[in-house]
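Below is one structure, written out as structure tokens, with a few remarks after it.
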Amino acid sequence: MLVKVRLVLVCALGLVAWRAAAAQTVAAAPQPYRDRSSLGVFAEYSNDSSHMLMGGEENRKLGGAGIDYTHRLLTSHHLDWSWMVEVRPLLMEGDPMSHFVQSSSLPGLNTSPPDMTLARSADCMPVSFDGILPPLTPSGSPFELHTHRTCYTRWTYTGGLSPIGQRVNFRPGKRLQPFWAGNAGFMIAPYDIPANNSSWFNFTWETGVGVEWHTGAHRSWAAELRYHHFSNKDLGNKNPGVDNLLYKVTYRFGR
């Protein structure tokens, strides 16, 4: 009788151990539409800026391309929480500019100041005048005057790094997953942006929501709308902040 009891106990313990090992194997196996880590390639663009939260400069454009890496930190039945870093080797920032040139047969009226960075595009009114004006004094002579003002967007190449990002995917394991993402970092330019006497170094902060559609077990496309802010936190003489709404598309490889 004792031998039979021992045999039953051994079989039961063996069954429990087998089920535990099988459960561990299933948990460790890669799950479709649910990545432990991923690498993404993205493009983003914003055609305008305005005062939304922290920035006041208007009519700034922003566009670029880069890569991101995510690694899952926590997981549950309802969400996956991941750490994210984004690298932007190509980031272009556009500022409204005014170019003014005036020439005249009177030397005192010749002027060509440096191009001006504007707070908004509406501050620039194109002007083009070529003509002969009457004398300025009774004994003077008519004189020629040529005045031209053009308005344009100056594009500046910058680079950026955002290393402390967070991303939360909802409905993990489903083909269509909504998500939230936020990040912070910096961007570096060859000269002051978005205005003269500001700074070539700016801090960035962004947050947004999107949807991710899995085309395969570990391949996906994501469309996202992000609020993006950059400013220099008083590193320069002026600290003009810029708020943009970025449209972002990402193709992601996971494992």
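Any read-out appearing in this document is the output of simple, stated calculations on the displayed coordinates, not a laboratory observation. Quick caveat: nothing in here was measured; it's all calculated off a predicted structure. Counting neighbours? That spans all protein chains shown, and the Cβs are built from the backbone with ideal geometry, glycine included.
On average over all directions, what projected area in square nanometres does region 156-226 have, based on the convex hull of its Cα atoms?
The Cα convex hull of region 156-226, projected and averaged over all directions, gives 5.7 nm².
Give the residue from T70, F186, N197 lying farthest towards the positive end of the charge dipole for the chain; charges sit on Cβ (+1 for Lys and Arg, -1 for Asp and Glu) and the dipole is referred to the Cα centre.
Going by the Cα projections, it comes out as T70.
With n ≥ 4 as the cut-off for DSSP H runs, can you work out [θ] at 222 nm for the chain, using -39500 (n - 2.57) per run divided by the number of residues, rounded to the nearest 500?
Taking each H run of at least 4 residues, the total per residue is -4000 deg cm²/dmol.
Report the number of Lys pairs in the chain whose alpha-carbons are under 29 Å apart, with separation of 8 or more residues or on distinct chains.
Value for the chain: 5.
Counting alpha carbon pairs within less than 8 Å and at least 6 residues apart, what relative contact order, in whole percent, applies to region 96-153?
Here the relative contact order equals 45 percent.
Hey, what did the chain get for relative contact order, percent, Cα under 8 Å, at least 6 apart?
22 percent.
Amide H of S199: which non-local residues (sequence gap of 5 or more, or other chain) have their own amide H closer than 5 Å, using H built in the peptide plane?
It is I193, by chain and number.
Of (1) 1, 5, 12, 16, 18, 17, 12, 8, 5, 3, 1, 0, 0; (2) 1, 5, 11, 15, 17, 13, 11, 9, 8, 5, 3, 2, 0; (3) 1, 6, 10, 13, 11, 9, 8, 7, 6, 6, 4, 4, 3, 3, 2, 2, 1, 1, 1, 1, 0, 0, 0, 0, 0, 0, 0, 0, which is the value of P(r) over Cα pairs in 5 Å bins from 0, in percent derived from the coordinates here?
(3)
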